[in-house]
1. So which residues in the stretch 248-301 are in a helix (DSSP H, G or I) and within 18 Å of the chain's Cα centre (by Cα), if there are any at all?
2. It is to be established whether one or more residues within the stretch 230-245 are at pLDDT 95 or above, among the β-branched types (Val, Ile, Thr), surrounded by 17 or more Cβ atoms within 10 Å (Cβ to Cβ) and in contact with a helix residue (DSSP H, G or I) (Cβ under 8 Å, 6 or more places away or on another chain).
3. Given the structure, is ASN56 of a type in the set (S, T, N, Q) and closer than 19 Å to ASN605 by Cα?
4. Is it true that GLU458 is at pLDDT 95 or above, open to solvent by 10 Å² or more (accessible area, probe 1.4 Å) and within 27 Å of the chain's Cα centre (by Cα)?
5. Identify the single condition in (1) of a type outside the set (Phe, Trp, Tyr); (2) part of a strand (DSSP E or B); (3) more than 20 Å from TYR36 (Cα to Cα); (4) in contact (Cβ under 8 Å) with a residue 24 or more places away in the chain that ALA222 does not satisfy, given that it satisfies every other one.
6. Have a look at ASP194, ASP209 and point out the one that is surrounded by 21 or more Cβ atoms within 10 Å (Cβ to Cβ), acidic (Asp, Glu), under 30 Å from LEU150 (Cβ atoms) and touching a residue at least 60 places away in the same chain (Cβ under 8 Å).
7. Does the stretch 48-55 include one or more residues that are open to solvent by less than 60 Å² (accessible area, probe 1.4 Å) and in contact (Cβ under 8 Å) with a residue 40 or more places away in the chain?
8. Mind checking whether some residue in the stretch 294-301 is among the hydrophobic types (A, V, I, L, M, F, W, C), more than 16 Å from the ligand (Cβ to nearest atom) and in contact (Cβ under 8 Å) with a residue 40 or more places away in the chain?
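The values are calculated or read from the model by the stated rules, or taken from the named source; none is laboratory data. Small disclaimer: the values here were computed from a predicted structure and weren't measured. All Cβ positions, even for glycine, are placed from backbone atoms using ideal geometry, and neighbour counts span all protein chains on display. These area figures cover heavy atoms from the full protein model, side chains too; ligands, DNA and RNA do not enter into them. Shrake-Rupley method; radii C 1.70, N 1.55, O 1.52, S 1.80 Å.
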Amino acid sequence: MCGIVGYVGRRRLVPVVLGGLKRLEYRGYDSAGIVYLQDGKLTKFRSEGKLQNLENIMEDALGASSHIGLGHTRWATHGAPTTENAHPHSDCTGELVVVHNGIIENYHSLRNELLEKGHKFASETDTEVLVHLIEDYLEDDLQEAVTKALARVEGSYALGVLWSGMPDTLIAARNHCPLVLGIHEEEGGFMASDIPPLLPYTDQVVFLDDKELAVLQADNYAVYSLETGEQIEKEVKTIAWNAAMAEKGGYKHFMLKEIYEQPQAIIDTVSGRINPETGSVTLPEMNLSDEDLTGIDRIFLVACGTSWHAALVAKYWIERWAGIPVEVDIASEFRYRKLLINERVLTVAISQSGETADTLAGIRLAKELGSKIVTICNVVGSTMTREAHGTVYTHAGPEIGVASTKAFTSQLAALFLFTLFLAEKRGTMDAKTRLELGKELISLATVIEKVLPVLQDEIKELIENYYDSRDFLFVGRGLNFPIALEGALKLKEISYIHAEGYASGELKHGPIALIDKDMPILGITPRDAVYQKSISNVEEIKARQGRLILIGTKGDDHLKTITDDVLYLPEVHEELNPILYTIPAQLLSYEIASRRGCDVDQPRNLAKSVTVE
Ligand code: M6R
């Protein structure tokens, strides 16, 4: 979704904002713009496409001596991704500019009202009504004008505003879209849609909450309620990530770097949380009492995309080991169906970013119905973690590639911990089993670390026969059915090959009709409780000449009698297979997309953090 960067301070504006926008590229965008104020005059640059296009038209402005301005990457919602629709948008005088992330739902009526008053519009965007509305209220106090304008607005926004009449001040405001301030005594004041643009300058951040407005100056900031106008004391948080964590570090793509970071991400997520002697699990930010946890009789897992696949795996774990019925919902469906939720239901939101609009709306609804909320989240201080009663943080570090990799396996590690934690609290698992499973989880990181380079080499060779396929099927059973879904999602999002995931046992109820000598199928067939069933399913594919790739357990020679294309993985506890078997699915997608010359880190039409509905 759109990215916002704003800066006021001693540094030259353009490199700070351009660098910041580059660090937000992963959010997805199709046009970009920058505005700065110098000698009382606003100068604006906008272009379609990648930031490089913007940089090209700004060549002469790169060294401009301005110290205040705003930048924006736009992911089109209202109006095509053209230069005219790119942000910043200006008022009729050209002395006031706005950048915006979100959707103004009542923009039609506001636009008509403003047109009648004589305002001139230059774009098709919903955002442009904001700048004219602020202009309409503006006399000599920008904060007051923005507050009055936003009182008229229905919808979501993260907003940056700059007016030549107040040349040392930026205004930021938020409602249902993320916006964070970065503060540093010497460097100045920053605003951004996410943390990476702030990392080179400061680790001190202030997260804005809904209906809050910030006044930002080089050496000062203040936050106000948009509803009451009163000043609010905000907590300043320290971010543990550093700037290098958001760099490629020698890898060709962020996605590949992040695939290789998975062993560390799992270790960081698990370490210190399992007592190696007793297998007892500690989740420090859980904040729910033992009564809360023993009193629940149902769990709803709510998430989108890859995080939803993590939820599907967790359902198997929680039901088996903690004995609690689990429902799994796609957040965009959850929020619009009749929810049978009360105080005996625990709702768990799974989200890498902690900002996904549908998931956030889902937990708000569940909270209203009396449910306690826990979030499994990777971003400290994100909106979901602030609104949930408790959080289990995944410690995956910043994930920049749009395709989620290390965030997913860390979510699985955190959900497995959560399962052990629940089982301990509810007395559904003996200490010996808990200890054994806990140890298996810890040692899984080493297994993945060893297998990664070997697998990558094998897969690079293997995909020469598959990279130009038009379609792909992924099949798995039980715990590995969600991994088939995840493999298919990964492949389609970064390589644009049409791919579907199925439960192997479901093939003969329809999808088997697709199988012929041209259809590639990746089958997940570890030696587990449903091994024989999975083998029967892949034999059915073979009988119809499907082009099979199998992933199975080292030493299982039978797989080689079914197909030549077998990837072997070491044997681990079968409960943890979903984490291990994700790795080849990720690498296969990565290598195919890379071979096809796709933009792996920023696939077309996708945004990293989906902050609008
Ligand atoms: O930040 P979240 O985990 O809430 O994001 C949910 C999905 O948008 C995300 O997992 C998406 O499906 C990824 N592109 C998958 O690779």
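1. Our first condition is that a residue be in a helix (DSSP H, G or I); within the stretch 248-301, this holds for 254-260, 262-270, 290-294.
If the condition is that a residue be in a helix (DSSP H, G or I) and within 18 Å of the chain's Cα centre (by Cα), then PHE254, MET255, LEU256, LYS257, GLU258, ILE259, GLN262, ALA265, ILE266, THR269 are the ones that fit.
2. no
3. Details: of a type in the set (S, T, N, Q): yes; closer than 19 Å to ASN605 by Cα: no.
Taking the combined requirement at face value, the residue does not satisfy it.
4. Working: at pLDDT 95 or above: yes; open to solvent by 10 Å² or more (accessible area, probe 1.4 Å): yes; within 27 Å of the chain's Cα centre (by Cα): no.
Answer is no for this residue.
5. (4)
6. ASP194
7. In the first step, residues of the stretch 48-55 are kept if they are open to solvent by less than 60 Å² (accessible area, probe 1.4 Å); the result is 49, 51, 54-55.
Retained after the next criterion (residues that are in contact (Cβ under 8 Å) with a residue 40 or more places away in the chain): none.
No, because not a single residue in the stretch 48-55 is open to solvent by less than 60 Å² (accessible area, probe 1.4 Å) and in contact (Cβ under 8 Å) with a residue 40 or more places away in the chain.
8. Within the stretch 294-301, the first condition is being among the hydrophobic types (A, V, I, L, M, F, W, C), and the residues that meet it are 296, 299-301.
Now restrict to residues that are more than 16 Å from the ligand (Cβ to nearest atom): 296, 299.
Keeping just the survivors that are in contact (Cβ under 8 Å) with a residue 40 or more places away in the chain gives 296, 299.
Within the stretch 294-301 (the criterion being among the hydrophobic types (A, V, I, L, M, F, W, C), more than 16 Å from the ligand (Cβ to nearest atom) and in contact (Cβ under 8 Å) with a residue 40 or more places away in the chain), the answer is yes, since at least one residue qualifies.
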